[in-house]
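Have a look at the structure below, then the notes.
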Amino acid sequence: MRFHKAESAFFVFIVVVLAAGVLILHAYNTVYVSGQSLNDQERIDLLAYFARLLFATGVLQATALFFGIFFIYPLIRTQVKEEGKLRAMTESLSARSETLEHAALTDGLTGMQNRRFFDDALREYIEEFRKIDKPVGLMILDLDHFKGVNDTHGHDVGDQVLKAVAGCLRDMTRYHDVVARLGGEEFAVVAPNMDDALLLKLAERIRKAIAGLAIVSGNVRLRVTTSVGLAVWDRKETAEDFFRRADKHLYQAKRLGRNRVCA
C-alpha cells in the first residue's frame, strides 16, 4: 500500500517525536536510578552524559519542529487548497449540470417547457390522477397562418409573436398547469382537475386573449389567432392516445375555419 506524501510526513514526524520522548525517559531513569549512589567523578560523567541526552533530545525536537513547519504544514495547506478547488469545481459542475438539465427541458426561444418535458409531465399527471379518479384536461393550440407571418415579415417578427403568445398562455393558466411549446407554432396545456365544461371555458378565454394580442415590431403591427383542440382524459387511454385525440380535435378546428375551439 502506497502512502500519500502527507501521511509519510506525519509518520516521520511521529517517529521523531517518539524518539525524543524515549531519550527524555532514558535521561530521567538514568538520573533517578544512578544519581544518588555515585561519587563526584561519576556524577560529573553522568551529568555530561545527561547533557548529551538533552542535546540529542533538543536536536530531535528541533528536527520535528522544522519538519512540521517547512514540510508537513505546506503539504496540509496544499491539500486544503486542492480540496477547495475540487469543491469549487464540483459545485460548478453541479450548477452546470442543473443548467444543462434545465436547458434540455426548456424551449430556448420562449422559456416555456419543451416537448420532452410535456411528454413526461402528461404521463405523470395521468398516473397520479388515475389514483384519485380525477379528470385531466388537455389543450393543443396551433397559431393560424403562422407561416405567412414568417414569409411576409421575417423570422424575427415570427419569434416575437411566439414569445407574446407564450406570455399570454402563462398569464392565463394556473401555476400547476403544464404549459409547453411543442415545436414551431404549436403549444399545449395540461390542465389537471378540469372537466369538459371548465376546460372549454378556459380554452375560449385563451383563444380570445391571443386574438386580442397586438404584436408591434417597428412599423409592423400584427394580430394572430389560434385553433384549439381539447380532450379530457377518459381514465382508460394512454398518454399517446389522449394526445392524439386532442390533436384530432385541433385539426377539426382547422378544417372548420380556424380561430375556434373543438372538443
Could you compute the FRET efficiency for I24 and K81, with r as their C-beta to C-beta distance and R0 at 35 Å, rounded to 0.05?
0.45
Using 7 Å Cα-to-Cβ label points, what is the D195/D120 separation (nm, one decimal)?
3.3 nm
Simple SL model, points at 7 angstrom along Cα→Cβ for E204 and K147; separation in nm is 3.2 nm
Going by average Cβ neighbours within 10 Å, how do the peptides 141-151, 215-225 rank, with the highest at the top?
141-151, 215-225
The simple spin-label model distance between L256 and F129, using points 7 Å out along Cα→Cβ, in nm, is 2.1 nm
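By the gyration tensor of its Cα atoms, with a ≥ b ≥ c the square roots of the eigenvalues, what is the shape of the stretch 149-199: rounded for a/c under 1.5, prolate for a/b over b/c, or oblate?
Numbers: a/c = 3.09, a/b = 2.63, b/c = 1.18.
It comes out prolate by the Cα gyration axes.
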Calculate log10 I(q)/I(0) of the stretch 115-262 for q = 0.09 Å⁻¹, where I(q) comes from the Debye formula with a single equal point scatterer on each Cα and nothing for solvent.
-0.27
What is the count of Lys pairs in the stretch 115-262 whose alpha carbons sit under 30 Å apart, if the two are 8 or more places apart or on different chains?
24
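Each reported figure results from applying straightforward, stated rules to the coordinates on display, with no laboratory input. This is a predicted model, so every value here is computed, not measured. Note: ideal-geometry Cβ built from the backbone for every residue, glycine included; neighbour counts use all protein chains shown.
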